[in-house]
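Report on the structure given below.
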Amino acid sequence: MTETPKELGYSMPAEWEKHSAVWLAWPYDVTTFPNIVPDVEISYCEIIKALEGSEKVNLIIRTSGKERIEKMLIDSGADMNNIVFFEENYGDVWTRDYAPITLFNKEKNNKVYVKWNYNVYGKGHEAYFADLVKDDKVFNNIIDESKYKVYRPEVVLEGGAIESNGRGTLMTTEQCLLNFNRNGDFSKEQYEKYLKDYLGVENIIWLKNGIINDHTDGHIDEVARFVAPDTIVCAYEDDINDPNFHILDDNFSILTNAVDKDGNKFKVIKLPMPHMDYDDGVKAPVSYANFYIGNSVVLMSVFNDENDEKAKGIIQSLFPNHKIIGIDCTKIIYGGGAIHCMTMQEYSDR
């Protein structure tokens, strides 16, 4: 029987550990971004420029249109030497959810990939997101051609559904993982075995639900994030009449009582919520928790909201050695996600 990554000493790092690059996929899909692809492309140029000096950008594009993308990036002032292009057949930008998870063994100074299955946020969604089903295979060529071993547990799991402190503790939500549309009637116990065996963790914190109108069924990266091994930021709604109030208050209560693998409680810091409605009046699934921790920058999703600066100040206090850069996500959110959803870190060999 093949040994699991955990048995071989591999585990999932925290996001703030050293990256060699970040994976992005250039926006095309008009189903995800109806009538606003040009606006989202401008945001991508801003994101890529913001990552200069922090880490390389591995940019996935389709086999046509490279010259136009290069011109946009050059015109925006991007350093083309910081960008590596990968031509693949893909549908959407949410690399966080369909890219492999990188594990690291500190004693061997080596990494491996774990490629989970991706079914476009659940059985039943494939019809609506038919053009995106192929994203499950985007990284197959990339990782198969690398020098690193690849594990394939044959279990559906998106990267945005899990959060690691790099010290053996993982956070997730019941709403997402226990949804029948992912892996049928998988129990908590079955999930915990896979998460422990294939992510090298020992302790799992289960929150209940994610925010309202999140089509991912409650991804953790919209509600709670590790910012240090012993510290969690938790999205929190102060308005008792807001639909997210009770959801986030319940999550906060769970986190204040949660412990790490050694039985120690975490420091839990409230992160205010932004507020935005789509053009049709539906409440958008916006959250300041959807930030990306780079080597020297933190890219924050901001929404032209009165809480933007307050949230930015909290994140800056937690990452005093990083530059905090706000990226306007008022257009990007029409695709249902934000900065963290469209980025996936590639860890460095150390």
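Results, tabulated for the structure shown:
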read-out	value
Residue that is surrounded by the fewest Cβ atoms within 10 Å (Cβ to Cβ), among those in the range 232-241 that are of a type in the set (D, E, K, R) and over 19 Å from His219 (Cβ atoms)	Asp239
Condition met for Ile211 (touching a helix residue (DSSP H, G or I) at 6+ places or on another chain (Cβ under 7 Å) and either of a type in the set (Asp, Glu) or not in a loop (DSSP other than H, G, I, E, B) (or both))	no
Answer residue from the range 133-168, given it is of a type in the set (Asp, Glu) and surrounded by 16 or more Cβ atoms within 10 Å (Cβ to Cβ) and is nearest to Thr231 (Cα to Cα) among those	Glu163
Residue that is nearest to Val40 (Cα to Cα) [pool: residues in the range 322-338 that are in a loop (DSSP other than H, G, I, E, B) and in contact with a helix residue (DSSP H, G or I) (Cβ under 7 Å, 6 or more places away or on another chain)]	Lys331
Selection status of Lys49, modelled with pLDDT of 95 or more, surrounded by 15 or more Cβ atoms within 10 Å (Cβ to Cβ) and more than 19 Å from the chain's Cα centre (by Cα)	yes
Yes/no for Tyr198 being touching a strand residue (DSSP E or B) at 6+ places or on another chain (Cβ under 8 Å), buried (at least 17 other Cβ atoms within 10 Å of the Cβ), at pLDDT 95 or above and hydroxyl-bearing (Ser, Thr, Tyr)	yes
Top-ranked residue of the range 246-276 - restricted to ones that are among the charged types (D, E, K, R) and under 19 Å from Ala311 (Cβ atoms), ranked as surrounded by the fewest Cβ atoms within 10 Å (Cβ to Cβ)	Lys267
Top-ranked residue of the range 300-321 - restricted to ones that are of a type outside the set (A, V, I, L, M), outside any strand (DSSP E or B) and under 19 Å from the mean Cα position of the chain (by Cα), ranked as nearest to Glu222 (Cα to Cα)	Phe303
Close pairs (6 angstrom Cβ cut-off, 6 or more residues apart or separate chains): under 27 Å from Leu132 (Cα atoms) in the range 216-238, among the hydroxyl-bearing types (Ser, Thr, Tyr) and assigned to a strand (DSSP E or B) anywhere	Gly218/Thr173; Ile220/Thr172; Ile220/Thr173
Subset of the range 81-127 (residues that are of a type in the set (A, V, I, L, M, F, W, C), under 17 Å from Gln345 (Cβ atoms) and surrounded by 15 or more Cβ atoms within 10 Å (Cβ to Cβ))	Ile83, Phe86, Val93, Trp94, Ala99, Ile101, Leu103, Phe104, Val112, Val114, Trp116
Condition check for Gly326: free of Cβ contacts under 8 Å to residues at least 60 places away in the same chain, crowded, with 18+ Cβ neighbours inside 10 Å and either under 17 Å from Ala14 (Cβ atoms) or not basic (Lys, Arg) (or both)	yes
Residue identified as in contact with a Gly (Cβ under 6 Å, 6 or more places away or on another chain), buried (at least 22 other Cβ atoms within 10 Å of the Cβ) and either hydrophobic (A, V, I, L, M, F, W, C) or at pLDDT 95 or above (or both) among Val286, Val298, Val302	Val302
Residue in the range 206-228 that is charged (D, E, K, R), surrounded by 16 or more Cβ atoms within 10 Å (Cβ to Cβ) and touching a Cys at 6+ places or on another chain (Cβ under 6 Å) present	yes
Hits in the range 241-300 (condition: under 17 Å from Ile327 (Cα atoms) and of a type in the set (Phe, Trp, Tyr))	Tyr288, Phe291, Tyr292
Ala78 being part of a loop (DSSP other than H, G, I, E, B), among the small types (Gly, Ala, Ser) and surrounded by 18 or more Cβ atoms within 10 Å (Cβ to Cβ)	yes
Given (1) farther than 29 Å from Lys18 by Cα; (2) in a loop (DSSP other than H, G, I, E, B); (3) of a type outside the set (Ser, Thr, Tyr), number of the condition His246 does not satisfy	(2)
Count of the range 27-59 residues which are touching a strand residue (DSSP E or B) at 6+ places or on another chain (Cβ under 8 Å) and part of a helix (DSSP H, G or I)	6
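The values are calculated or read from the model by the stated rules, or taken from the named source; none is laboratory data. These numbers come from a predicted model, not from an experiment. Glycine also receives a Cβ, built like all others from the backbone with ideal geometry; neighbour counts cover every protein chain displayed.
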